[in-house]
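Here's the structure we're looking at; comments come further down.
The values are calculated or read from the model by the stated rules, or taken from the named source; none is laboratory data. This is a predicted model, so every value here is computed, not measured. For neighbour counting, all protein chains shown are included, and Cβ atoms are generated from backbone atoms with ideal geometry for every residue, glycine included.
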Amino acid sequence: MEEIALKKILLSVFIFSCVFLGYSEPIPADSILAFVRTKLPNDPLKLTGTLKVRTKKGFTKTSLPVEMELDWGAAEPTAAYRIGDQTLDITWNNDLPSYVFSKGGTLPTDDILGTGLNWADLSFSMLWWPNAKLIDEEKKINRDCYVIDVPVPDSKNTMRLWIEKKMGMLLETQTLDAQKKEIRRMKIKSIKKMDGMWVAKDLEIRNKASGNKTTLQTTDLQWKNPKPTPVAFDPADSVNQLAIDLYKKLTAEKEGNLFLSPYSISSALAMTYGGANGETAEQMGNTLYFGGQGTTHPAFSYLRTKLNGIQKKGHIQLSVANKLWPQKGYKFLPDYIAMTKEFYGSEIENVPFTSDPEAARLRINTWVEDQTNDRIKDLIPEKVLGPLTRLVLANAIYFKGNWASPFKTEHTRPAPFKQADGTTIEVPMMSQTADFRIAHTKEFRALELPYEGGDISMLILLPNASDKLPALHLEMIDGLAFNEMEVMMQLPKFKLESTFMLDDTLTAMGMPLAFSRQADFSGMDGTRDLYIGAVIHKAFVEVNEEGTEAAAATAVGMRATSMPPQFIANHPFIFLIRENSTGTILFIGRVMTPSA
């Protein structure tokens, strides 16, 4: 039996370059503190609680009300602390904290109303202080932590911080004197989820000299702007919305055949989005229909696992691969690298962009060839990578499937194909009569061609007018009413190849900041020195009768006594390849001139 194979190979590659020519590698500890700042909530909030000081013998010495108003997402982050009748307002401008106290002459290192606790202990100012040093790695409450020393301004003291590696939680701080002896220690005793956010409910500060223990108990959290009810994020809907937007944009820019994978592009951009912050993240989220950092990555992980699981059934080949190539020695945040591994299964390989960008380019292109069975060569052209390149992210998807109802090579005949300009060419036309799901609208007819196993299908949209393709809308596709019936259908053999530089396209679609020197990808490395330098997408598809061992058990419906409906793709058409259970559009294309 003949095998009818459809092969698709897609690559999306994202290349990040440094902004400044004189760039130097960041201090690791400063990068870690910058990473912790990205984990602070962007929305303004208010925390209320009580500060209690107990003596060494257990007597309550002081009990004071506490209010903290925090807006770390502002252009200039602010924090306001009120304890009893004393207040402190902190504003960070270009990472430099300025302090304003209600009582003149007060310093951050001063005692708070005789409690033995000072303002520097309480505030998050140490996350912005410069000259931090990474001194060790330890475990706290059974969690792996970085140990960082931060010099306290206007003092000989040092703040020692224990920062949990994965989530960036500040688990403990110690205030040390000039001889590195402990003066005070603050540690989290318990945490509680309040209005959707984890909060340190009980903090304990121990004063070494007096033996006093100060506890800060948080009792309430209020968001200044009421948080909207979260909406479940559907990665399939995100991919499909992007598919329609990209198809419209690219078909308006280019004539002739077109083929791309919105799933591949969306997955690679989702990895990139994981390192974006501020307005850059907002633009990317809106343009790409993402659901926020907390929900997007687990959802894409679920979809990737589902797609890779289809191959295990043995009917088709469908594999998704991701890989990152960082610059050797460049300090990316551990949490960002861990995110790409956990949710996207990314492999990591360091390469020498700075000293030998050509060697790095050849290494990446070799991986591309390996993932695509040598179908795509020289993906990244010469001189695209340079000494300032810091990271390349790549996503590859490969698909090969047999039709559930195969064509027969002896039924393929030369047939006319009317092009959009009215001219006619002769193409090899495959044909068969079988049961298919078919739908009709005023503009076009739709036919679904399932692959063996039933998990993946090709959807062909054939316009009623040969000179005009239908305007695509997601609601139109989702709303198709299919009926299964015997159909005599014809489909041309074709092979398409497409290459896109998507920088200008994505910029025009609504995310210009990501491609500018004002980009904020601080979630990747703790700095704002990275931006997207290039986006390359390359695709290949072939529909033919080659291959071996086509499904021998494929059923062909019994012929009716009257002529069955016809579906003859003898003029330009649109085709989509979808995963059926989620409806995810893996591939989308436009055939204007079949080329075998």
Item to check | Selected residue (criterion: modelled with the highest pLDDT) from residues of region 385-411 that are surrounded by fewer than 18 Cβ atoms within 10 Å (Cβ to Cβ) and assigned to a loop (DSSP other than H, G, I, E, B) | outcome: Lys408
Item to check | Residue list for region 391-436, restricted to those being touching a Pro at 6+ places or on another chain (Cβ under 8 Å) and of a type in the set (D, E, K, R) | outcome: Arg413, Glu426
Next on the checklist: Looking at Asp455, Asp529, Asp478, can you tell me which residue is under 29 Å from Phe290 (Cα atoms) and surrounded by fewer than 17 Cβ atoms within 10 Å (Cβ to Cβ)?
Outcome noted: Asp478
Checklist entry - If a residue has to be of a type in the set (Asp, Glu) and assigned to a loop (DSSP other than H, G, I, E, B) to count, how many in region 309-355 make the cut? => result 1
Next on the checklist: Quick test of your reading of the structure: Ala75 fulfils all but one of (1) surrounded by 15 or more Cβ atoms within 10 Å (Cβ to Cβ); (2) at pLDDT 75 or above; (3) aliphatic (A, V, I, L, M). Name the failing condition by number.
Outcome noted: (1)
Checklist entry - Of the residues that make up region 213-220, is at least one touching a Lys or Arg at 6+ places or on another chain (Cβ under 8 Å) and in a helix (DSSP H, G or I)? => result no
Next on the checklist: Yes or no: region 100-108 includes at least one residue that is at pLDDT below 90 and closer than 25 Å to Lys189 by Cα.
Outcome noted: yes
Item to check | Complete set of residues in region 459-475 that are under 27 Å from the mean Cα position of the chain (by Cα) and either exposed (fewer than 15 other Cβ atoms within 10 Å of the Cβ) or outside the structural domain of Glu448 (by TED's automatic domain parsing) (or both) | outcome: His473, Glu475
Item to check | Number of the exception - Asp154 against (1) at pLDDT 80 or above; (2) out of contact with any helix residue (DSSP H, G or I) (no Cβ under 8 Å at 6 or more places or on another chain) | outcome: (1)
Item to check | Test result for Asn131, surrounded by 19 or more Cβ atoms within 10 Å (Cβ to Cβ), within 20 Å of Ala178 (Cβ to Cβ) and of a type in the set (S, T, N, Q) | outcome: no
Item to check | Members of region 461-500 that are modelled with pLDDT of 85 or more, part of a strand (DSSP E or B) and aliphatic (A, V, I, L, M) | outcome: Leu461, Leu462, Met485, Val487, Met488, Met489, Leu491
Next on the checklist: Six or more apart or on different chains, Cβ atoms under 6 Å: show the pairs whose first residue is in region 136-150 and in the same structural domain as Lys180 (by TED's automatic domain parsing) and surrounded by 12 or more Cβ atoms within 10 Å (Cβ to Cβ) and whose second is modelled with pLDDT under 85 and not in a strand (DSSP E or B).
Outcome noted: Asp144/Lys165; Tyr146/Ile32; Ile148/Ala29; Val150/Met126; Val150/Trp129
Checklist entry - Can you tell me which residues in region 151-178 are of a type in the set (A, V, I, L, M, F, W, C), surrounded by fewer than 18 Cβ atoms within 10 Å (Cβ to Cβ) and touching a residue at least 40 places away in the same chain (Cβ under 8 Å)? => result Met167
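Yes/no matrix, rows are residues, columns are (1) in a strand (DSSP E or B); (2) in the same structural domain as Met126 (by TED's automatic domain parsing); (3) at pLDDT below 80; (4) within 38 Å of the chain's Cα centre (by Cα):
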{"position": "Pro26", "(1), (2), (3), (4)": "no, no, yes, yes"}
{"position": "Ser31", "(1), (2), (3), (4)": "no, no, yes, yes"}
{"position": "Gly49", "(1), (2), (3), (4)": "yes, yes, no, yes"}
{"position": "Lys52", "(1), (2), (3), (4)": "yes, yes, no, no"}
{"position": "Lys57", "(1), (2), (3), (4)": "no, yes, yes, no"}
{"position": "Lys61", "(1), (2), (3), (4)": "yes, yes, yes, no"}
{"position": "Glu67", "(1), (2), (3), (4)": "yes, yes, no, yes"}
Checklist entry - Glu349: over 24 Å from the mean Cα position of the chain (by Cα) and surrounded by fewer than 20 Cβ atoms within 10 Å (Cβ to Cβ), yes or no? => result no
Checklist entry - Just for region 520-552: of the residues that are touching an Asp or Glu at 6+ places or on another chain (Cβ under 8 Å), more than 30 Å from Leu250 (Cβ to Cβ) and of a type in the set (A, V, I, L, M), which one is modelled with the lowest pLDDT? => result Ala551
Checklist entry - Residues Gly314, Gly294, Gly285: which one is out of contact with any strand residue (DSSP E or B) (no Cβ under 8 Å at 6 or more places or on another chain), in the same structural domain as Val239 (by TED's automatic domain parsing) and within 21 Å of Pro450 (Cα to Cα)? => result Gly314
Next on the checklist: Among the residues of region 293-308, are any among the hydroxyl-bearing types (Ser, Thr, Tyr), assigned to a strand (DSSP E or B) and touching a residue at least 24 places away in the same chain (Cβ under 8 Å)?
Outcome noted: no
Next on the checklist: I'd like the full set of residues that are surrounded by 24 or more Cβ atoms within 10 Å (Cβ to Cβ) and either part of a helix (DSSP H, G or I) or on the phi > 0 side of the Ramachandran plot (or both), limited to region 247-263.
Outcome noted: Pro262, Tyr263
Item to check | Filtered residue count, region 339-398, keeping only those that are touching a Ser or Thr at 6+ places or on another chain (Cβ under 8 Å) and acidic (Asp, Glu) | outcome: 1
